[in-house]
Amino acid sequence: MKADQGKSFRRDLLSWYDAHARDLPWRVSPQARAGGVVPDPYRVWLSEIMLQQTVVAAVKSYFNHFVTTWPTVHDLADADDAQVMAAWAGLGYYARARNLLACARQVAASGGVFPDTQEALQKLPGIGPYTSAALAAIAFDKAANVVDGNVERVMARLFAVTVPLPKSKAILVDHAASFIDDERPSARHGDYAQALMDLGATVCTPKSPKCGVCPVFKYCAAQKAGIAASLPMKEAKAPKPTRLGIAYVLRRADGATLLEKRAEKGLLGGMMGFPGSDWAETAPAPKPPATADWVAMPTPVKHTFTHFHLRLEVMTAVVSTDCTPDVGQWVPADQFNAKNLPTVMRKVFHASQTGSKT
Ligand code: SF4
């Protein structure tokens, strides 16, 4: 695309965004921004961390809960770790929550001000190239090239890139960079980044792009070639292995439940969960946390992580109040809340309620 076409592309996309921007709880609308409202970097940062690997619809309620409970980066920095991990439960990718706290504390220690350059932002915990670009553009209106999955798809179609992902990533980033106008400070960099994301999320959608209502229809090579829906191409993924494990739901006669804090590093790191065996591709060795009359639940729990499927057998038992388990801590009945557990552990809890295998 020629330079003058790039400018008219931006203009057309921004006009569309002015009328069709998604209303998101962390977003400053284009009208408010034009009126001088400046985005709060704390809210932009929080939303971008939550949106890593998680869809917008799932993030909204978590975001609202976080900013109500911890309205500023100082509030979050002062928060209790366990409370934050519990509030994050269900969002997945728990390393994000640990990095979130580490980053909040680092920013709070420097006066509560987020740096405004990609280079400085990337020195903070949990902020990589993508998030630093998104923050620089959206929070600070800098000319940054923000390329998420939505933008990759739009670029693949605009330029009819038939090289499959992930090999085509660098090509798509270069195409996206060709639209970045870093010469004009008033080029609405934050709005442009969000407009491109919104286009991918609402018009140039994965399965059935709505080319008939697309504001950048005339620039699109894939649409002209009739191959839009088939792009971006993707290399076939290797099938995910299945790992097996056993989870133990132990209750005390007074209603307390045994939970164990998982190791800080690794999957579900730092989160509370039910004790259990290792997760392996061969049948795991039983590892009950206490001697008890264990009963197998009829339905195993199935859960899919990024790199593998998990199938967990669920065992339950009730013990007397003088039981001292090998691991974990008793959580009294009035303090136990399955909502504070990561999703796979919530599934284990629900499976434990379904009755025993006969
Ligand atoms: Fe996507 Fe269709 Fe617009 Fe091209 S014309 S950018 S394929 S929605």
Original post:
How far, in degrees from 0 to 90, does helix 41-51 lean away from the longest principal axis of the Cα atoms of the chain, to the nearest 10?
Top reply: 70 degrees
Original post:
How many percent of DSSP beta bridges within the chain run antiparallel, rounded to 5?
Top reply: 55 percent
Subject >> Sorted largest first, extent of the stretch 1-78 alpha carbons per principal axis (Å) >> reply: 50, 30, 21
**OP:** Report the full-extension gain for the segment Q5 to W294: residue separation times 0.36 nm, less the Cα-Cα distance, to one decimal in nm.
**Re:** 97.1 nm
**OP:** Just subtract the alpha-carbon distance of V37 and D80 from 0.36 nm times their residue separation and send over the number in nm, one decimal.
**Re:** 12.3 nm
**OP:** Filter the cross-link list K240/K339; K142/K218; K210/K339; K7/K169; K167/K218 down to pairs whose alpha-carbon distance in this structure exceeds 30 Å.
**Re:** K210/K339
Subject >> Per-residue Cβ neighbour rank within 10 angstrom, fewest leading, E119, E260, E313 >> reply: E119, E260, E313
**OP:** Could I have the simple spin-label model distance between T68 and A333, label points 7 Å from Cα toward Cβ, reported in nm to one decimal?
**Re:** 2.8 nm
Subject >> the stretch 194-293: Cα Rg divided by the 2.2 N^0.38 Å rule of thumb >> reply: 1.95
**OP:** Arrange I246, I180 by Cβ neighbour counts within 10 Å, fewest through most, would you?
**Re:** I180, I246
Original post:
What are the semi-axes of the equivalent ellipsoid of the stretch 152-253, taken as the square roots of 5 times the eigenvalues of the Cα gyration tensor, listed largest first and rounded to whole Å?
Top reply: 36, 20, 15
Original post:
Put a dot 7 Å past each Cα toward the Cβ at H350 and A225; how far apart are the dots in nm?
Top reply: 4.4 nm
Original post:
So for the chain, taking the charge dipole from beta-carbon charges (+1 Lys/Arg, -1 Asp/Glu), which of F9, H350, P164 sits furthest toward the positive end?
Top reply: P164
**OP:** Work out, in µm²/s and without decimals, the Stokes-Einstein translational diffusion coefficient of the stretch 97-218 at 10 °C, 1.306 mPa s, Rh from Kirkwood over C-alpha pairs.
**Re:** 101 µm²/s
**OP:** Work out, step by step, the length gained on full extension between T282 and T205: first 0.36 nm times the residue separation, then minus their alpha carbon distance; give nm to one decimal.
**Re:** 23.7 nm
Subject >> Alpha carbon Rg of the stretch 113-171, scaled by the compact-globule rule 2.2 N^0.38 Å >> reply: 1.30
Original post:
Hey, how many Å between the Cα centroid of the stretch 100-175 and the Cα centroid of the stretch 18-71?
Top reply: 16 Å
Subject >> Packing-based exposure ordering (other Cβ within 10 Å, fewest first) of C204, C323 >> reply: C323, C204
Original post:
For the chain, how big is the tail of P(r) above 32 Å, as a whole percent of Cα pairs?
Top reply: 44 percent
**OP:** Over the alpha-carbon set of the stretch 44-129, divide Rg by the Kirkwood Rh and report the Rg/Rh ratio to two decimals.
**Re:** 0.93
Original post:
Do any trypsin sites (Lys or Arg not before Pro) in the stretch 1-77 lie in a loop, going by DSSP, with at most 12 other beta-carbon atoms within 10 Å of their beta carbon, and if so which?
Top reply: K2
Subject >> Choice from T72, T162, T282 showing the highest fluctuation, given a GNM over the chain with Cα pairs closer than 10 Å >> reply: T282
Original post:
Between F308 and D18, what is the label-to-label distance in nm when each label sits 7 Å out along the Cα-to-Cβ direction?
Top reply: 5.4 nm
Original post:
Of all the C-alpha pairs in the stretch 238-358, what % are more than 26 Å from each other?
Top reply: 15 percent
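Every read-out reported here was derived from the displayed coordinates using simple, explicitly stated rules and does not represent laboratory data. Quantities reported herein were computed from a predicted structural model and do not represent experimental measurements. All Cβ positions, glycine included, derive from the backbone under ideal geometry; neighbour counts span all protein chains shown.
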